[in-house]
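The values are calculated or read from the model by the stated rules, or taken from the named source; none is laboratory data. Since the model is a prediction, treat every value here as computed from it, not as a measurement. Neighbour counts run over all protein chains shown; Cβ positions are idealised from the backbone, glycine included.
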Amino acid sequence: MGLGREGLSLVRYLARQGFRVVAVDRKGPAELGPALRALADLPVELVLGRNRAEDLAPADIVFLSPGVPLDAPWVAEFRALGRPLSSLTDLFLRECPAPAVGVTGSCGKSTTTALVGRILEDAGFTAWVGGNIGRPLLDWLSLIRPWDRVVLELSSFQLELGPPSPRVAVVLNLYPDHLDRHPSFEAYAEAKKQILVRQGPDDWAVLNADDPVVAGFATVAPGRVAWFGLGPPAGRPAAGIRDGRLVLKTATGEEVDLVGVEQISLPGRHNLYNCLAAALAAYLAGATVTSIRRVLARFRPLPHRLESVGEVNGVRFVNDSIATSPVRAAAGLRATAPPVVLLAGGKPKGLSLDPLVAAARETCRLVVPYGQAGPQVREAMVAGGVPVDEVQPGLAEAFRRAVILARPGDTVLLSPAFASFDEFRDFEHRGEVFRRLVNEWRAQNSSP
């Protein structure tokens, strides 16, 4: 069900394994053009333009794409037939021959996942990095060997069906998010908890000691718990900070120095957590301290994550399109030197803007709201005493307004605090458009 990125991967894998596959999507052929071309050489039955339980009644099992809500009426009807539901994540973790590291949380998942993968590669492993980022690893399953390592970024949508837990399960943080999909924060947290509840006694849950909700997961972890946080490392193994240095306490209790806080090129306090979690998880997956040190000192921000796009007429431009929640956008604001002209808006997700307003009050000279959520942003900023401009229809109009109002020394920051789907395919598309707007502005203002 669903012919997005994961759905296509599932269809290819299952069809090539000899199963009879029925692919269902509410979109029609015109909207699914490229997806249908990718399936042209496979014996797949297509049911397009509708989602109905009766279309799946003969099926022995239904694989749901992450975008399919579990409370959809047809899902309930199908469950009533007594048929099992599964997902690509579930299938991959059952079939994968190599030990897996899974990373989840409300923010920082991609950066931490990429860091773990780089450290393991530096340590000599073949590391397969995927999940919620990159190409689905099911496409490469036949190439993965038992002595390799797999690193998966896992969203709440990929976890809510309760797949097998990875050998090393990292939970970075938990803030209200995706409440347009999950009925409550408690339900969202319960989905995240699925990353560790099926671990074995020798597996590791890597938990944030400074996040009370995440720390509470330790009470239900069936395996061992390793802690990370911004204080000195507690327990062993563990990761923390002592005297301005990131340190790792090994399984034997030895505390080893990694890098100084000032050596981390990833901006913001939240990225210290990401580095500590990655160091600890990679260590538990077999990486050496030497590789952890080397990668932490060299790692650079991923695209769309506080990515410096350039400077025009003394104004810096920073792309933090990954910030799809108020908490994540607030972290981006606090990691950016003031004064900031903030571009905020997109598709609402039912979240409180209080964290964003508090951060904007500290760092923003001006907020330019845009898109479907623009009126909500403007109302919240006015109530919070933050200077705010008029609502713009979309990102391009907000950008043009921002460059008119920006002064030398300002940073124009795209840290939207909302989903991108009112205007863009995804947050990457939004970030790419922002980059293009900056490049066009630079070209217009370059000397002849």
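Does Gly346 satisfy the condition of being surrounded by fewer than 24 Cβ atoms within 10 Å (Cβ to Cβ), on the phi > 0 side of the Ramachandran plot and within 20 Å of the chain's Cα centre (by Cα)? The answer is no for Gly346.
Residue by residue, here is whether (1) touching a helix residue (DSSP H, G or I) at 6+ places or on another chain (Cβ under 9 Å); (2) on the phi < 0 side of the Ramachandran plot; (3) assigned to a loop (DSSP other than H, G, I, E, B); (4) not assigned by TED's automatic domain parsing to the domain that holds Asp25 holds:
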| position | (1), (2), (3), (4) |
| --- | --- |
| Asn51 | yes, yes, yes, no |
| Glu54 | yes, yes, no, no |
| Ala76 | yes, yes, no, no |
| Val116 | yes, yes, no, yes |
| Ile119 | yes, yes, no, yes |
| Ile133 | yes, yes, yes, yes |
| Leu138 | yes, yes, no, yes |
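Among the residues of the stretch 257-274, is any within 18 Å of Val168 (Cα to Cα) and surrounded by fewer than 21 Cβ atoms within 10 Å (Cβ to Cβ)? Scanning the stretch 257-274, I find no residue that is within 18 Å of Val168 (Cα to Cα) and surrounded by fewer than 21 Cβ atoms within 10 Å (Cβ to Cβ), so the answer is no.
With respect to Ala398, is the statement that it is surrounded by 19 or more Cβ atoms within 10 Å (Cβ to Cβ) and either assigned by TED's automatic domain parsing to the domain that holds Gly314 or aromatic (Phe, Trp, Tyr) (or both) true? Taking the combined requirement at face value, the residue satisfies it. Answer yes or no: is there a residue in the stretch 204-219 that is closer than 18 Å to Ala169 by Cα, touching a Leu at 6+ places or on another chain (Cβ under 8 Å), without any contact (Cβ under 8 Å) to a residue 24 or more places away in the chain and of a type in the set (Gly, Ala, Ser). There is at least one residue in the stretch 204-219 that is closer than 18 Å to Ala169 by Cα, touching a Leu at 6+ places or on another chain (Cβ under 8 Å), without any contact (Cβ under 8 Å) to a residue 24 or more places away in the chain and of a type in the set (Gly, Ala, Ser). Check whether at least one residue in the stretch 297-310 is of a type in the set (Ser, Thr, Tyr) and part of a strand (DSSP E or B), and report yes or no. So far as the stretch 297-310 goes, yes, one or more of its residues are of a type in the set (Ser, Thr, Tyr) and part of a strand (DSSP E or B). Criterion applied to Val256, Val197, Val214 was being touching a helix residue (DSSP H, G or I) at 6+ places or on another chain (Cβ under 9 Å) and part of a loop (DSSP other than H, G, I, E, B), and the one residue passing it is Val197.
Restricting attention to the stretch 5-36, the residues that are in a loop (DSSP other than H, G, I, E, B) and either in the same structural domain as Leu137 (by TED's automatic domain parsing) or more than 23 Å from Arg83 (Cα to Cα) (or both) total 6. For the stretch 189-203, filtering for residues that are more than 12 Å from Val103 (Cα to Cα) and either outside the structural domain of Ala98 (by TED's automatic domain parsing) or out of contact with any Ser or Thr (no Cβ under 6 Å at 6 or more places or on another chain) (or both) leaves 7. Among the residues of the stretch 37-47, those that are closer than 11 Å to Val11 by Cα and either part of a helix (DSSP H, G or I) or β-branched (Val, Ile, Thr) (or both) comprise Ala38, Val44.
Is it the case, given these coordinates, that Glu121 is buried (at least 22 other Cβ atoms within 10 Å of the Cβ) and of a type in the set (D, E, K, R)? Considered against the rule, which asks whether it is buried (at least 22 other Cβ atoms within 10 Å of the Cβ) and of a type in the set (D, E, K, R), Glu121 comes out as no. In the stretch 56-74, the residue that is farthest from the chain's Cα centre (by Cα) out of those that are within 19 Å of Leu137 (Cα to Cα) and part of a loop (DSSP other than H, G, I, E, B) is Leu64. Within the stretch 354-365, the set of residues being in contact (Cβ under 8 Å) with a residue 40 or more places away in the chain and either crowded, with 24+ Cβ neighbours inside 10 Å or closer than 22 Å to Arg435 by Cβ (or both) comprises Leu356 only.
Per the listing Ser110, Ser142, Ser65, the residue uniquely within 23 Å of Gln158 (Cβ to Cβ), surrounded by 18 or more Cβ atoms within 10 Å (Cβ to Cβ) and assigned by TED's automatic domain parsing to the domain that holds Asp203 is Ser110.
Residues of the stretch 143-180 that are under 28 Å from Arg269 (Cβ atoms), within 16 Å of the chain's Cα centre (by Cα) and part of a loop (DSSP other than H, G, I, E, B): Leu154, Ser155, Leu172, Asn173, Leu174, Tyr175, Pro176, Asp177, His178, Leu179. The numbered conditions (1) buried (at least 19 other Cβ atoms within 10 Å of the Cβ); (2) touching a Gly at 6+ places or on another chain (Cβ under 8 Å); (3) not in a loop (DSSP other than H, G, I, E, B) are all true for Thr324 except (3).
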